[in-house]
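Read the structure below first, then the notes.
What follows draws every value from the coordinates through simple rules; no lab data is involved. All of these numbers come straight from a predicted model, not from anything done at the bench. Neighbour counts run over all protein chains shown; Cβ positions are idealised from the backbone, glycine included.
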Amino acid sequence: MNVLVTGGLGFIGSHTSVELLNKGYEITIVDNLVNSNIKVLKNIQKITGIKPEFKEIDLRDKKELTKLFECNNFDGIIHFAALKSVNESIKKPKLYKENNIGGTKNLLEVITSKKHRTNLIFSSSCTVYGQSKKLPIDENCPTNNIESPYGETKIKCEEIILEAVKKYSNLNAISLRYFNPIGAHESSLIGELPNGIPENLIPYITQTAIGIRNELTIFGNDYPTRDGTCIRDYIHINDLALAHISSLNFLSKVKNKKIYDFFNVGTGKGITVLELINMFEQTNSLKINYKIGNKRKGDITSAYADISKIKTKIGWFSKKSISDALKTAWEWQKRISNYEN
Ligand code: NAD
Ligand code: UD1
C-alpha cells in the first residue's frame with residue numbers, strides 16, 4: 001500500500017511513519033517544516049533502515065500538491081499536517097483557519113480530482129468535546145462546546161471530510177479524536193519537539209526535570225476531582241501510531257461501501273496531574289520541582305475516553321503502559337539537547 005503522510009515529520013506523524021515503514025508500507029512524507037526539523041527524516045531512516053520519500057510542500061500550495069498527485073496514486077493518506085497550539089490559535093484565528101482548514105480543503109480537492117480510490121485518516125482531537133457532561137466521553141457526546149479556534153478547525157475539517165465522502169465515490173475516511181499523546185520512540189531518536197515554552201504537561205515536566213525550567217506550575221488544585229487537579233487520558237505515542245494503521249487496514253477491507261466514521265483514541269483511563277507527576281518521579285527516580293498555581297483559562301476538569309467503539313469496530317486498543325511513555329519521554333528529553341548535532 002502506498003501511503004501519503006502529511007505532517008509526517010511532526011510528533012505523531014514521525015512515529016506513525018516509523019510504524020508504517022516497519023510494517024512494509026511504502027510512504028511519502030509531506031511537511032512544510034513549520035513545526036518540525038529535517039533531521040527527523042534521517043532519524044526515521046536510522047530506526048527503520050529505509051529512507052522515505054520526502055517532499056517539502058505546504059498544503060496551502062495547491063499547485064505543488066497537484067503536481068505530487070499527478071505523479072503518484074496514494075491508496076492511503078494519513079493527514080496530520082496542522083498547527084496545534086490552542087493559545088496561538090486564540091491570537092491568530094485566521095492563520096489557523098487558513099492552514100488547518102485551507103490545507104485540508106486543498107488535499108480533498110486533489111484527492112477527489114482523481115479516480116484512484118483513497119482511504120483517508122484525519123487527525124482530530126478530544127478538544128471537539130469541550131467539557132463533556134458525560135464521562136467517559138463517547139463519540140455521541142456533543143461537539144458544540146468547543147473553546148478555541150484550534151478546536152473549531154478540527155470539527156470543521158471533520159465536516160468537510162464527511163461531505164467529500166458523501167459526494168465522491170473514490171474516498172472513504174476516518175477521523176481519529178486523540179486524547180493526550182505522550183512519550184517517545186524507544187530509540188530516543190524521535191519524539192516531541194516543543195517550540196519555545198511548552199504548553200503541554202509532559203514537555204514541561206521533562207524540561208523542569210532537566211533544568212531548562214525552574215519549576216512546574218500545576219494549574220489549579222481545587223477542581224472537583226479526587227486530588228483537586230485535572231484529569232486527562234494520556235496515551236502512549238506508539239499505541240496512537242498503531243491506531244492509524246489499524247484504521248487504514250479497516251478501510252482497505254471495505255468493499256463496495258461508502259464509509260465515514262470517527263473514533264476516540266485513548267486508554268479509557270483518567271489520570272490526575274498530581275498522579276502523573278508522581279508516576280514520572282517514580283518511573284525515572286527523580287523529583288520534580290512544582291508549585292500549585294492558578295487555573296489555566298479554558299482548561300476543562302476531566303476528559304477521558306470511552307474507547308469501546310474503536311475496540312469493537314476496528315479492533316484497536318492501547319497496550320503500552322503510561323510508565324513506559326514517561327520513561328521514553330524522559331530518555332528523549334535527555335537526548336534532545338543534542339538534537340541539532
Ligand atoms: P506537530 O506540530 O508535531 O506535527 C504537525 C506537522 O505538520 C509538523 O511537522 C508541521 O511542520 C506540519 N505542518 C503544519 N502545517 C502544515 C502545512 N500547511 N503544510 C505542510 N505541513 C504542515 O503536531 P502533532 O502533535 O504531531 O500533531 C499532529 C496532528 O494531530 C495535528 O493535526 C494535531 O492538531 C493533531 N492532534 C495533536 C494532539 C497532540 O497532543 N499532539 C492532540 C490531538 C490532535
Ligand atoms: C491541551 C489542549 C487541547 C489538546 C490537548 C492535547 C489547551 C487548553 N488544550 O489540552 O486542545 O487537544 O492539549 O494536545 O491547551 N498542566 C499543568 N501545568 C502545565 C501544563 C499543563 O498543570 O504547565 C495541566 C493542565 O491544566 C491539564 C493537564 O496538565 O490539566 C494537561 O495539560 P495539556 O498537556 O496542556 O493538555 P490538555 O489540557 O488536555
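Once you order the gyration tensor axes a ≥ b ≥ c over the Cα atoms, which shape class does region 273-341 get: rounded for a/c under 1.5, otherwise prolate or oblate by comparing a/b with b/c?
oblate
Where does the charge balance sit around Asn289 when Lys and Arg score +1, Asp and Glu -1, over other residues with C-beta under 13 Å from its C-beta?
Numbers: positive: Arg213, Lys287, Lys291; negative: Glu215, Glu281.
Spelling it out: positives minus negatives among the neighbours equals +1.
How large is Rg over Rh for region 77-151, taking Rg from the Cα atoms and Rh as the Kirkwood inverse mean of 1/r across Cα pairs? Could you put the intermediate results ahead of the total?
Values: Rg = 14.6 Å, Rh = 14.1 Å.
That ratio equals 1.04.
If you take every DSSP beta bridge whose two residues both sit in the chain, what share of them, in percent to the nearest 5, is antiparallel?
Values: 2 of 42 bridges.
So the antiparallel bridges amount to about 5 percent of the total.
Just to check I understand the Karplus step: with θ = phi - 60° and J = 6.51 cos²θ - 1.76 cosθ + 1.60, what whole-Hz values come out for region 89-103, glycine and proline as x?
Calculated HN-Hα couplings, in order: 5, 6, 7, 10, x, 5, 4, 5, 5, 5, 6, 7, 7, x, x Hz.
For region 101-205, how many pairs of lysine residues have a Cα-Cα distance under 21 Å, where the two are 8 or more positions apart or belong to different chains?
16
Using the Cβ atoms and a cut-off under 10 Å, what net charge is assigned to the surroundings of Lys55, where Lys and Arg are +1 and Asp and Glu are -1?
Local charge sum for Lys55: -3.
With only alpha-carbon pairs counted, each pair once and no self-pairs, how large is the Kirkwood hydrodynamic radius of region 99-208 in angstroms?
16.3
Plugging the Kirkwood radius over Cα pairs into Stokes-Einstein for region 188-341, at a temperature of 37 °C and a viscosity of 0.692 mPa s, what D comes out in µm²/s?
Once the numbers are plugged in, D ends up at 189 µm²/s.
Between Ala305 and residues 5 or more places away or on another chain, which pairs have amide H atoms under 5 Å apart, with H built 1.01 Å from N, and which residues are they?
Ile137, Thr267, Gly268, Lys269
Rounded if a/c is under 1.5, else prolate if a/b is larger than b/c, else oblate: which is region 200-253, with a ≥ b ≥ c the root eigenvalues of its Cα gyration tensor?
It comes out oblate by the Cα gyration axes.
Net charge near Asp261, counting Lys/Arg +1 and Asp/Glu -1 over other residues with Cβ under 10 Å of its Cβ?
Local charge sum for Asp261: +1.
Any idea what Rg and Dmax come out to for the chain if you just take the C-alpha atoms, in Å?
Taking only Cα atoms of the chain, I get Rg and Dmax of 19.3, 58 Å.
Estimate the FRET efficiency between Asn144 and His116 by the formula 1/(1 + (r/R0)^6), using the beta-carbon distance for r and 56 Å for R0, to the nearest 0.05.
So the FRET efficiency works out to roughly 0.95.
Structure shown: which of Lys295/Lys327; Lys67/Lys97; Lys23/Lys51; Lys42/Lys63; Lys63/Lys94; Lys42/Lys327 lie over 18 Å apart, alpha-carbon to alpha-carbon? Write out the running numbers ahead of the final one.
Working: Lys295/Lys327 27 Å; Lys67/Lys97 24 Å; Lys23/Lys51 14 Å; Lys42/Lys63 27 Å; Lys63/Lys94 22 Å; Lys42/Lys327 23 Å.
Cα-Cα > 18 Å for Lys295/Lys327; Lys67/Lys97; Lys42/Lys63; Lys63/Lys94; Lys42/Lys327; rest within.
Which distance in nm do the two modelled labels at Asp222 and Ile50 give, with both placed 7 Å along the Cα-to-Cβ direction?
According to this spin-label approximation, the distance is 5.5 nm.
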